[in-house]
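One structure is given below, encoded as structure tokens.
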Amino acid sequence: MTAALTDLLGIDLPVILGPFGGLSSIELTALVSEGGGLGSYGLYGYDAARIAETAAQMRECTSRPFSLNLWLPLGDEVGPETVRFAPARDALRPLYEAAGAAAPEPPERFLPPLAEQLDAIWDAAPAALSVVYGVPSADTVAEAHRRGIRVIGTATSVAEARALEAGGVDLVVASGAEAAGHRVSFLAAPERSLVGTLALVPQVVDAVDIPVVAAGGIADRRGVAAAFALGAAGVQVGTAFLRTRQSAASDGHRAAIAAADDTTTVLTRAMSGRLARGIPNRAVHDIEAAGVIAPFPAQNWLTAVFRTAAGGDPELSSLWAGQAAALATREDAAEVLRELASGVPAR
Ligand SMILES: Cc1cc2nc3c(=O)[nH]c(=O)nc-3n(C[C@H](O)[C@H](O)[C@H](O)COP(=O)(O)O)c2cc1C
């Protein structure tokens, strides 16, 4: 299966850099692709022009395969007219004040439409399109395949992995509850889909015939070796790369990862309206204490206003990180890649 994965993607090393919606960097993504793995770039919130610009920048840095990542609509997204906007905005006033930002009025739209993003992806022609929060439509999968683009889905349960395989995706990332960032469950509530990587990966491997990539809590050679022992064909790693100087994380975010221990991270809806794993800070504490959180993507848009104004202040940022944060000790991404590669079993 590992050969199937590397052949499918045209890579040498079955190591995928996790996409970081809002925090991907060209430098880090290209470094992993140049190093023989698959760099993935998160396009959350990007319109067509930014997607085209990102792909062009990637091609300037590497001719190796890379992946672009999108969030699919779950169907529960609210629009700017939601009645939940104003109360959530008003509850955030102290955080706007702390960041020196004005409390915002609703925008015309929170997110670009998926169809616009997909059109830009077809033009960008990455080696792979990876998605979270659902099964891409049959048309999307067919169009990707017609263009020679591989499709990578993300599952937090066996049922989701089966649904993705039935939907025609080429690979499935099995994302355990240890993982940083959003719990991308789409068939059941994320709180009901918190399966750890050690339990999830072998059950997904048993359930599907496509290659399975293990994600969540893998930060060094031991985690990689364990993932392969569980039957994974590859690994996807986030936190260990986010800690490095080549990532787009702020210095404060990197320092928070460096200071974390095994119990530091929490699951919270405070920052985006959807459940995600990160390091709690003033923003998380204050929002949870106020108890007013707008549904996604309104809450994410609302917190982005103070996050952006705060310019990397770690108390006013989303400090996404996974349970293996304390294992993310390396500051150079090439070193992380070498460390992870040393855990891949010889073929
Ligand atoms: C800041 C941040 C943003 C993320 N955004 C996305 C995203 O937009 N799409 C996605 O598929 N995964 C996203 N993830 C998850 C990672 O790609 C990866 O699967 C996860 O971090 C793996 O778990 P680990 O952190 O324990 O290594 C994000 C993770 C972080 C830390």
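About the centre of its Cα atoms, the range 233-347 shows a dipole size close to 360 debye [charges on the beta carbon of Lys, Arg (+1) and Asp, Glu (-1) only; nearest 20 debye]. Place +1 on the Cβ of every Lys and Arg and -1 on the Cβ of every Asp and Glu in the chain, take the dipole about the Cα centre, and give the residue among 176, 247, 48 whose Cα lies farthest towards its positive end. Projecting each Cα onto the dipole axis, the largest value belongs to 176. Using only side-chain charges placed at the Cβ, +1 for Lys and Arg and -1 for Asp and Glu, the dipole size of the range 85-135 relative to its Cα centre rounds to 200 debye. When the chain is described by a simple charge dipole with +1 on each Lys and Arg Cβ and -1 on each Asp and Glu Cβ, the residue from 283, 342, 111 located farthest towards its positive end is 342.
Segment residue 139..residue 84, full-extension length gain: 16.4 nm, with 0.36 nm per residue of separation and the alpha-carbon distance subtracted. Under a model in which nothing but the beta-carbon of Lys, Arg (+1) and Asp, Glu (-1) is charged, the chain shows a dipole of about 400 debye around its Cα centre.
With each label modelled as a point 7 angstrom along the Cα→C-beta vector, the residue 191-residue 262 pair spans 2.6 nm.
Sorted from greatest to least, the principal axis extents spanned by the alpha carbons of the chain come out as 57, 43, 41 Å. Taking the centroid of alpha carbons for each part, the range 86-130 and the range 2-64 are 22 Å apart.
Label separation (residue 116 vs residue 308): 1.4 nm, computed from points 7 Å beyond Cα along the C-beta direction. Taking all protein chains together and rolling a 1.4 Å probe, residue 58 ends up with roughly 0 Å² accessible.
For residue 151, the residues 5 or more places off, or on other chains, whose built amide H falls under 5 Å of its own are 129, 170, 171. Sorting 307, 147, 243 by accessible area puts them as 147, 307, 243; the probe is 1.4 Å, largest comes first, and only protein heavy atoms count. Annotation: amide H-H contacts under 5 Å for residue 66 (H modelled 1.01 Å from N, sequence separation of 5 or more, or interchain): 127, 128. Each Lys or Arg adds one and each Asp or Glu subtracts one; over the other residues with Cβ under 14 Å from the Cβ of residue 166, this totals -3. The value of relative contact order for the range 8-128, using C-alpha pairs under 8 Å at least six residues apart, is 29 percent.
Solvent-accessible surface of protein heavy atoms, probed at 1.4 angstrom with all chains present, puts 347, 269 in the order 347, 269, largest first.
With a sphere of radius 11 Å drawn around the Cβ of residue 293, what net charge do the other residues whose Cβ falls strictly inside it have (Lys, Arg +1; Asp, Glu -1)? Result for the neighbourhood of residue 293: +2.
Considering helices alone, the calculated mean residue ellipticity of the chain at 222 nm is -11000 deg cm²/dmol, with DSSP H runs of length four and up weighted by -39500 (n - 2.57) and normalised per residue.
Of all DSSP-defined beta bridges confined to the chain, some 20% are antiparallel rather than parallel. Counted by Cβ distance under 11 Å from residue 276, the other residues give a net charge of +4, where Lys and Arg count +1 and Asp and Glu count -1. Kirkwood hydrodynamic radius of the range 190-311, from the reciprocal of the average inverse Cα-Cα distance over all distinct pairs: 16.5 Å.
For residue 182, the accessible area of its heavy atoms, probed at 1.4 Å with every protein chain present, is near 30 square angstrom.
Per residue, the accessible area of the range 268-347 comes to 37 Å², computed with a 1.4 Å probe over protein heavy atoms only.
Counting only protein heavy atoms and a 1.4 Å probe, tell me what percentage of the chain's accessible area is made up of carbon and sulfur. Roughly 51 percent, rounded to a whole number.
The values are calculated or read from the model by the stated rules, or taken from the named source; none is laboratory data. What you see is a predicted model, and the numbers here were worked out from it, not measured in a lab. Cβ: placed from backbone, ideal geometry, glycine included. Neighbour counts: every protein chain shown. Accessible surface areas use protein heavy atoms only, side chains included; no ligands, DNA or RNA. Shrake-Rupley method; radii C 1.70, N 1.55, O 1.52, S 1.80 Å.
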